[in-house]
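Everything below concerns the one structure shown next.
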Amino acid sequence: QFAINSYPVGVASSNTNMGGVSGSGTYNHNSTATLTATAYYGYHFIQWQDGNTENPRSVVVTDSTQYTAQFGYNSYLVTANSSNVTLGSATGGGSYNYLSQVALMAVPTPHYHFTMWNDSIEDNPRTITVTRDTLFTAHFAIDRHTVEVASTDATMGSTNGTDTVDYNTAVWISAIANYGYHFTQWQDGNTQNPRRVVVLQDTVFTASFAPNQYTATCNVNDNTRGAVANTGGSFNYLTQLTFTALPTTDYHFLRWSNGSTANPVTFTLTQDTVLTAILVGLTAQVNDSVMGTVAHTKPTNLTEVVTATPNYGYHFVQWGDGATDNPRTVTLTGDTTVTAIFAVNNYFLTVNSNDSTLGSVQGGGEYNYLSQVTITATAVQHSHFVQWNDGNTTNPRLLTLTSDTAFTAIFEQDQQYQIIVNANDTTRGRVEGSGTYYIGETVTITATANEHYYFAQWSDGNTSNPRVITVTDNATYTAVFDPVMYTLIVEANDYSMGQVVGGGSYAYGSEVIIEARAFGGYRFIGWSDGVQEKQRTVTVTSNASYLALFEPNVGIEEVDSHPLVYVSGKEVVASGAAGHTIMVYDVAGRCIGNVGRAADRQTFTVPVAGVYIVRIEGYNPQKCLVR
C-alpha cells in the first residue's frame, strides 16, 4: 500500500505589529494552499519574501515551504492652514508616516491673536501623532480692549458703556443722570451724550453731573371754592416748600393733589410740580321733590349734617348709599352728593260686604298714597247692590287713597213676584210658566193648544209663543185658545132644480143646519152621504162637503125607484141602479167610466175634481160636483 506525502507550509509576518497572516498548515503533495496577508490600520502589505505581490496567494505544495509577508508604513497628509490669512498663518503641514510626531504652529498678524484649532484644541504650538490624513485650521480673533465709564458723583448719576471690545471698534458711552440731576460733560471736556468713541487701547471716561431746577405751582381745584396762600415759583431739586389752602365757608379742604391731607403742607421739590388743593362740598338732594325736602349744615371741616323731611303721604326710606340715619352726619371724602330717598306711603283699603251671601266686593288691598283704586260691589243672583256705607251709590266707584280706609257694600235680596199663567179654556189647551220669581229674572211662558184648537194670543195682545218675559211685578198672563175654523161646503147637484143653504166657515164643534130646497117641478131625493132629511144638523169637526140631490118630479112609482147619484170623496156613487147600464162623462163629454150591468151600489173613481154627468139607462142624466 502507498500513501500521498504531506508537507508543512509556514506563513509568517515580517512585523507582527504591522499585520497578520493566514494559510499555515500541512498539505498533501500537489495540493493548493491559499496564503493571506492582512495589514493592520496604518500599514500596508508590500510583498512576500520571494518578491511575489499577490494577496491572497495560491501555491501548489510540493515540499516543505516558509512564506513571509512583508509590510510597510502608510503615509498621511497633514494640512495646516488659517481660517483667515489676513488674521494669521499656520506651519507644520506635510506628508508623514503613520504615528509620526509633528509640531504645528499658529502665527497671528499684529492686533490679532490665536484662539483655537478647528478641533477646539487651544495649544499653540502643539504636537500631533499622525494616524490619518488630517486638516488643522488655526482660528484667530482680533485683539480686545477695555473701555470704562464712571461718574464724578454717584448720587447725581451713573454711566453706561463699560465693555471689552475688538481693537478699532467704535462704541457708545452714555451718562445717565439720576432723577433731579443732569449731565454736564466728560473729563476731557466733551459734552456729547451719548458719545461715540473708537477703542485703540484700554481707556477710562468720567461723567460730571449737576442738580436740576423745577417749577412749583400751587392752586385750588375750583377758584369759587377758595384760594392758596402762595402760588409757588422756580426752585432747586429737593428744596423744601410750604403751601396753605384757604377754603370758603361753604367748602372743606380735603387734601392736596399729591395725597397729603396736611394744611399747611410741606414737601420736597423733586419735579415740576403743580400742587392743587382739593376743596370739596356737599350736595344734598331728593329723589323726588314732590315727596320731601333735605337740608344740611357744616359743623366742622369735612363734616356735614343732613336732614330729610318727607311731605304728607310720603316717608323717608334711606339715603342713596343705603344709610338710614336721619339726621345723618356725613364725613366728606370728596365732592359728595347725598340723596334722600323718599317713598310713597302705603295705605290699606278694606272693602267688605254687609252680607257675603248676597254679594262680594273687589278692590281691597294695600296701595300707594294717591293711588286711583276702583272698588266694585258684585251682587249674587237674586240680590242687588244698594249703596256703600257712606251713602254713595256709585258702583264701580273710583277712589283716591290718602289714608287707611274701609268701605262696606250694602246688598239686599231682590223682590220676588208671582207670575200666573192660565188658559182661557182648559179644554182647548194648557200653559206652563207659573211660579214665584225674582225681579229681573227672565221667565219663559208657553201655551200648548189641544187638537182642533190653536193659540191666538196672550191676554195683553202679545202673540209670541213661547214668550220670554222679564219679571218686574206680579203679573197674570192668560193664553187665549180659539177653535180651528173648518169649511163646510153645501152644494146642489143641479142648481136649476133647487138650492141649498148652510155652507160656510165654522169653528170646530159648531152645530150647523144645512137645508136642501127643491124648485117647482123638482124634488129633493137626499144628500150625497145618504141622509134623506132636507134639513139636517151637522157638527163641524173637519172640512166637509155635502151635495143635495134633486130630480124632476115623475110618478110616484118612479120616485120610489129612481136611482140615487151622489159624491163620496173622489168617487161618484150610483145607488139603486142594479142591472142598468151606467156611463159617467166629464164636462168635455169624455167617458171616464161605464158599466153594462150595474150592481145595486156602483162606484166610479174620477181622475180630478170637477163636474161630472152620470147617465143611467132609463133615467134622466144627473150632474154631480167632485171636489
*Do we have any residue at all in region 200-215 that's in a strand (DSSP E or B), modelled with pLDDT of 95 or more, within 30 Å of GLU148 (Cβ to Cβ) and of a type in the set (S, T, N, Q)?*
yes
*Search region 298-314 for residues that are closer than 28 Å to LEU279 by Cα and pair each with any residue that is open to solvent by less than 50 Å² (accessible area, probe 1.4 Å) and charged (D, E, K, R) when their beta-carbon atoms are under 8 Å apart and the residues are at least 6 apart or on different chains.*
LYS298/GLU304; VAL305/ARG328; VAL306/ARG328; THR307/ARG328
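So that you can scan it fast, the table gives a plain yes or no per residue for (1) assigned to a strand (DSSP E or B); (2) open to solvent by 30 Å² or more (accessible area, probe 1.4 Å); (3) in contact with a strand residue (DSSP E or B) (Cβ under 9 Å, 6 or more places away or on another chain); (4) farther than 30 Å from ASP414 by Cβ:
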| position | (1), (2), (3), (4) |
| --- | --- |
| ASN326 | no, yes, yes, yes |
| VAL338 | yes, no, yes, yes |
| LEU349 | yes, no, yes, no |
| ASN352 | yes, yes, yes, no |
*asked:* So, in region 466-501, exactly how many residues are closer than 30 Å to THR537 by Cβ, in a strand (DSSP E or B) and of a type outside the set (Gly, Ala, Ser)?
replied: 14
*From the set of residues in region 577-608 that are free of Cβ contacts under 8 Å to residues at least 24 places away in the same chain and under 17 Å from VAL626 (Cα atoms), which is most open to solvent (accessible area, probe 1.4 Å)?*
ARG590
*Within region 40-72, track down each residue that is open to solvent by 40 Å² or more (accessible area, probe 1.4 Å), among the small types (Gly, Ala, Ser) and in a strand (DSSP E or B).*
SER58
*Which one of TYR167, TYR214, TYR181 is under 30 Å from ARG255 (Cα atoms), of a type outside the set (A, V, I, L, M) and touching an Asp or Glu at 6+ places or on another chain (Cβ under 6 Å)?*
TYR214
*Taking the stated definitions as given, is SER89 closer than 30 Å to ILE128 by Cα, part of a strand (DSSP E or B) and open to solvent by 80 Å² or more (accessible area, probe 1.4 Å)?*
no
*Is it the case that region 515-524 has a residue that's more than 19 Å from SER568 (Cβ to Cβ), touching a Lys or Arg at 6+ places or on another chain (Cβ under 9 Å) and open to solvent by less than 50 Å² (accessible area, probe 1.4 Å)?*
yes
_With modelled with pLDDT under 95 and either open to solvent by less than 40 Å² (accessible area, probe 1.4 Å) or not acidic (Asp, Glu) (or both) as the only criterion, which of TYR76, TYR7 stands out?_
TYR7
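Kindly indicate whether THR333 is surrounded by fewer than 18 Cβ atoms within 10 Å (Cβ to Cβ), within 30 Å of LEU241 (Cβ to Cβ) and out of contact with any strand residue (DSSP E or B) (no Cβ under 8 Å at 6 or more places or on another chain).
no
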*Among the residues of region 460-471, write down those that are touching a residue at least 24 places away in the same chain (Cβ under 8 Å) and surrounded by 12 or more Cβ atoms within 10 Å (Cβ to Cβ).*
ILE469, VAL471
*Inspect region 419-439 for any residue being open to solvent by 60 Å² or more (accessible area, probe 1.4 Å), outside any strand (DSSP E or B) and among the hydrophobic types (A, V, I, L, M, F, W, C) and give the result as yes or no.*
yes
*Have a look at VAL386, VAL373 and point out the one that is free of Cβ contacts under 8 Å to residues at least 60 places away in the same chain, open to solvent by less than 40 Å² (accessible area, probe 1.4 Å) and part of a strand (DSSP E or B).*
VAL373
*Answer yes or no as to whether VAL228 is buried (at least 18 other Cβ atoms within 10 Å of the Cβ), touching a Cys at 6+ places or on another chain (Cβ under 7 Å) and within 23 Å of ASP272 (Cα to Cα).*
yes
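The values are calculated or read from the model by the stated rules, or taken from the named source; none is laboratory data. Keep in mind it's a predicted model, so treat the numbers as computed, not measured. Counting neighbours? That spans all protein chains shown, and the Cβs are built from the backbone with ideal geometry, glycine included. Surface accessibility is based on the protein's heavy atoms, side chains included, excluding ligands, DNA and RNA. Shrake-Rupley method; radii C 1.70, N 1.55, O 1.52, S 1.80 Å.
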